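The values are calculated or read from the model by the stated rules, or taken from the named source; none is laboratory data. Since the structure is predicted, the reported quantities are computational estimates derived from the model, not experimental observations. Heads up, the Cβs are rebuilt from the backbone with ideal geometry, glycines too, and the neighbour counts pull from every protein chain shown. Areas reflect the complete protein model, heavy atoms only, side chains present, ligands, DNA and RNA absent. Shrake-Rupley method; radii C 1.70, N 1.55, O 1.52, S 1.80 Å.
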Amino acid sequence: MKSIYLSKIREQNPLIHNITNIVAANFSANGLLALGASPIMSDSLEEMVEMPNLSQAFVINIGTLNGKEQKSMLLAGKTANEKGIPVVLDPVGVGATSYRRETIRQLLSEIKFTLIRGNAGEIATIAGEVWEAKGVDAGKGNVDLKSVAQRVAKEYGCVVLISGEVDVISDGTQTATVHNGSPLFPKVTASGCLFSAICGAFLAVDSGDHFAATLEACVAYTVAGEIAAEGLTTQVGQFQIRLLDELSALNVEKIAQKGRINE
Amino acid sequence: MKSIYLSKIREQNPLIHNITNIVAANFSANGLLALGASPIMSDSLEEMVEMPNLSQAFVINIGTLNGKEQKSMLLAGKTANEKGIPVVLDPVGVGATSYRRETIRQLLSEIKFTLIRGNAGEIATIAGEVWEAKGVDAGKGNVDLKSVAQRVAKEYGCVVLISGEVDVISDGTQTATVHNGSPLFPKVTASGCLFSAICGAFLAVDSGDHFAATLEACVAYTVAGEIAAEGLTTQVGQFQIRLLDELSALNVEKIAQKGRINE
Amino acid sequence: MKSIYLSKIREQNPLIHNITNIVAANFSANGLLALGASPIMSDSLEEMVEMPNLSQAFVINIGTLNGKEQKSMLLAGKTANEKGIPVVLDPVGVGATSYRRETIRQLLSEIKFTLIRGNAGEIATIAGEVWEAKGVDAGKGNVDLKSVAQRVAKEYGCVVLISGEVDVISDGTQTATVHNGSPLFPKVTASGCLFSAICGAFLAVDSGDHFAATLEACVAYTVAGEIAAEGLTTQVGQFQIRLLDELSALNVEKIAQKGRINE
């Protein structure tokens with residue numbers, strides 16, 4: 001694919017505001033820095049008006065949700081909407097508990113999202129599909145992911161990215177699949193959380209074409225992972241370090257050569 | 001030793017619910033994933049009834065304790081007891097402050113634990129022994145660790161694992177020592193926290209023989225560390241990455257060849 | 001430079017109490033351990049009188065500030081002052097929001113600090129200089145950093161360390177610059193937070209010469225980073241792992257050979 005947005009991230013270093021979980025905070029910040037964006041992690045209610053006004057995108061992740069974070073998510077999300085910056089939702093483990101389902105329901109009703117990124121189980125839960133969730137893992141189910149992505153995208157007027165062995169991206173009208181990646185991804189915790197943060201960086205510089213930006217984010221991240229995994233089998237520790245290295249070393253040539261998209 | 005439980009973890013991918021600290025959250029999740037289990041980190045009071053019902057084991061770690069976590073630990077612990085899944089206690093730095101001692105006293109009085117895992121200073125504190133604690137490190141003292149382990153195991157009707165240069169495991173009746181490991185372990189933060197989480201994964205698949213499962217967990221973790229440390233001297237950074245790699249690459253042959261147990 | 005304090009850290013293993021953020025907690029703890037100090041991370045209000053009494057230094061970092069942490073910072077800071085142990089302030093992203101500015105103002109008025117360490121933007125904000133801050137990054141401005149450091153040092157009666165491509169250290173009377181380091185440092189999240197924690201370890205063993213201890217801390221940390229970066233270009237993941245390795249392998253000879261100071 002032809003890379004449009006990666007060079008803009010490196011030029012503009014967009015500030016990405018994240019409300020994220022204690023598992024992902026360090027890894028997401030390092031991944032954003034490696035890519036060329038600037039991370040800021042904050043969930044203080046006192047900062048949730050100023051932060052979106054400083055930032056070029058806002059990423060909400062419910063991985064280790066608590067009552068205090070929830071209020072901050074709502075306030076920062078509404079402020080981000082008013083300002084017009086992209087807002088990404090990562091509904092981590094939404095199928096696991098009623099508290100997460102209820103929180104996601106509220107976030108989706110009060111905030112206008114630019115992108116929802118989750119694994120198959122998480123997006124299926126949002127779509128109301130029958131799915132055997134397993135904690136924060138993808139779990140199992142028998143649904144057509146393309147039509148689920150399209151349906152959720154239409155319902156919430158946003159782009160949807162279902163990540164997995166094949167990644168599915170839809171804005172309700174256009175739908176594409178990305179065939180890059182590595183089986184090591186699901187063996188590294190917070191690799192999905194970082195994926196959402198990376199999408200935030202691409203959306204921050206996209207001038208409005210959110211589908212194209214999400215598609216390039218997906219190719220960029222999974223190609224970096226594919227290169228990182230070269231020669232590795234079971235080395236999950238090395239993979240997470242190399243993934244940061246490869247996000248840093250990523251360029252338009254690698255995206256052009258290695259990206260495998262079906263549109 | 002003959003490995004019984006490692007293959008069950010890989011087959012069943014038990015979901016391990018952790019209430020843990022901000023230092024250990026990422027490393028513990030990655031270590032559990034590397035081994036073949038599924039981690040979920042949550043301390044939201046709203047989820048503490050559902051989480052144990054989804055999970056196959058529950059691990060409590062008081063490393064960065066606060067008031068909110070404490071209530072969640074009690075609720076999830078009692079729910080886990082009702083459901084009958086194993087509950088592990090990691091009394092991080094219990095000797096350091098009266099708040100930690102009081103919290104541990106309460107947890108021990110209201111929750112039935114399957115395993116208490118700590119360093120010598122932590123278990124000595126629980127046993128009421130005189131001990132020179134040092135923050136969250138093991139510190140120094142002059143007690144017979146085998147008899148301390150036996151006594152604490154009898155008092156709380158659970159397995160006790162005292163980790164250190166030699167690891168001591170007792171259920172009050174049977175006592176064993178494990179002679180694997182590396183001097184690099186105490187140079188990596190949260191390596192004890194991950195040890196407790198790993199024990200949770202073995203207990204999750206043990207069909208009731210908690211002493212045997214803890215013993216295999218101990219051998220598995222310290223053998224993985226021993227292999228990870230091969231050729232390293234001062235490289236504490238590389239050690240933590242290789243430890244994840246070796247947990248992922250661990251198999252029954254390595255446990256059989258390298259495990260050094262005295263029973 | 002002639003190293004005085006590194007060997008004392010290795011002999012005394014000072015306990016460094018940190019109230020830090022969810023991004024830095026693991027990396028700061030591992031860096032302190034690698035250097036030879038003992039980290040303890042705690043922000044529970046219930047422990048904020050005992051912790052400083054157990055510890056040899058206290059480090060406050062406002063990276064992911066919330067209301068609860070703030071009270072703990074004040075109580076632990078005052079207790080540390082009463083006990084007479086060094087207190088380090090890392091005003092992460094103080095220019096970003098009014099909440100951070102107000103919190104820093106309060107901390108500076110109620111706690112006597114031994115050292116304030118920040119990037120140019122953070123220290124310029126404290127000095128009341130015009131500065132274009134960017135989240136938690138250094139940002140841009142046109143001020144003489146030496147005179148800013150001197151002025152802030154005089155105003156608060158403490159040492160000030162402005163970290164950057166050239167590090168500036170002043171106690172208001174003496175001023176020095178350190179010319180070690182690597183362009184990879186700002187590409188690793190929490191590398192500044194760890195810097196502050198490392199300073200805490202040197203101050204913990206300094207017998208009162210805080211300027212000299214901060215200067216050696218600065219040389220030690222940036223020399224370790226310089227060695228860690230040898231042969232690396234874009235590998236930000238490997239750099240963070242090697243930085244831990246080199247903190248562990250650091251010795252007086254490397255500090256003597258590689259330290260570049262202008263006094």
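Here are a few things to note about the model shown:
- Solvent exposure of the range B:4-262 as accessible area per residue, Å², 1.4 Å probe: 32
- Label point 7 Å beyond Cα along the C-beta direction, distances from A:Ser207 to other copies (nm, shortest first): 6.5, 6.5
- Per-residue Karplus couplings for the range B:54-60, computed as 6.51 cos²θ - 1.76 cosθ + 1.60 with θ equal to phi - 60°, are listed in order as 8, 9, 9, 7, 10, 10, 9 Hz, Gly and Pro entered as x.
- Its relative contact order, with pairs defined as Cα atoms under 8 Å and 6+ residues apart, puts the range C:41-155 at 22 percent.
- With every protein chain in place, the range B:81-172: carbon and sulfur % of accessible area (1.4 Å): 46
- Pairing chain C with chain B buries about 2300 Å² of accessible area. This figure sums both sides and uses a 1.4 Å probe.
- For chain B, the relative contact order works out to 21 percent when only alpha carbon pairs closer than 8 Å and six or more residues apart are counted.
- Sorted into 5 angstrom bins from 0, the C-alpha pair distances of the range A:4-262 split as 1, 7, 15, 20, 22, 18, 12, 5, 1, 0 percent.
- Considering the rotation that superimposes chain C on chain A, the residue of C whose beta-carbon lies nearest the axis, and that distance in Å, is C:Ile22, 3.
- Using a 7 Å projection from Cα along Cα-to-Cβ, the label point at A:Arg101 is separated from the same position in the remaining copies by 4.6, 4.6 nm, smallest value first.
- For C:Lys258, the lysines whose Cα falls under 19 Å of its own Cα, not counting residues fewer than eight places away in the same chain, are C:Lys2.
- Note on A:229-238: average number of Cβ atoms from other chains within 10 Å of each residue's Cβ is 6.
- Counting heavy atoms of the protein chains alone, C:Val188 has an accessible area of about 10 Å² for a 1.4 Å probe.
- Shielding by partners, peptide B:241-254 (average Cβ within 10 angstrom, other chains): 4
- Span from the the range A:139-186 Cα centroid across to the the range B:173-197 one, whole angstrom: 42
- Computed accessible area, A:Cys193, all protein chains, 1.4 angstrom probe, square angstrom: 20
- Its Cα gyration tensor gives the range C:191-263 an equivalent ellipsoid, and the semi-axes of that ellipsoid, as √(5λ) in whole Å with the largest first, are 22, 14, 10.
- Other protein chain C-beta atoms within 10 Å of residue C-beta, averaged over A:13-26: 6.
- Sorted from shortest to longest, the distances between the C:Glu82 label points of this copy and the other copies are 4.3, 4.3 nm, with each point 7 Å from Cα along the line through the beta carbon.
- Helical segments meeting 20 Å axial Cα length and Kyte-Doolittle 1.0 threshold in chain C (DSSP H): C:210-228
- Area projected by the alpha carbon convex hull of the protein assembly as shown, averaged over all directions, nm²: 29.4
- Inter-label distance, C:Glu155 to A:Glu165: 6.1 nm, where each label sits 7 Å from its Cα along the C-beta direction.
- Given charges at Cβ of Lys, Arg, Asp, Glu: chain A dipole, positive-most of A:Ala224, A:Ala124, A:Ser44: A:Ala124
- Figure note: A:Asp209, B:Asp206 ranked by solvent-accessible area, largest first, 1.4 Å probe, ligands and nucleic acids not counted: A:Asp209, B:Asp206.
- On the basis of the beta-carbon distance and an R0 of 56 Å, B:Ala256 and C:Ser98 show a calculated FRET efficiency of 0.35.
- Structure note, pairs A:Lys78/B:Lys83; C:Lys8/C:Lys112; B:Lys83/C:Lys68; B:Lys71/B:Lys154; B:Lys71/C:Lys83: Cα-Cα distances above 29 angstrom occur for A:Lys78/B:Lys83; B:Lys83/C:Lys68; B:Lys71/C:Lys83.
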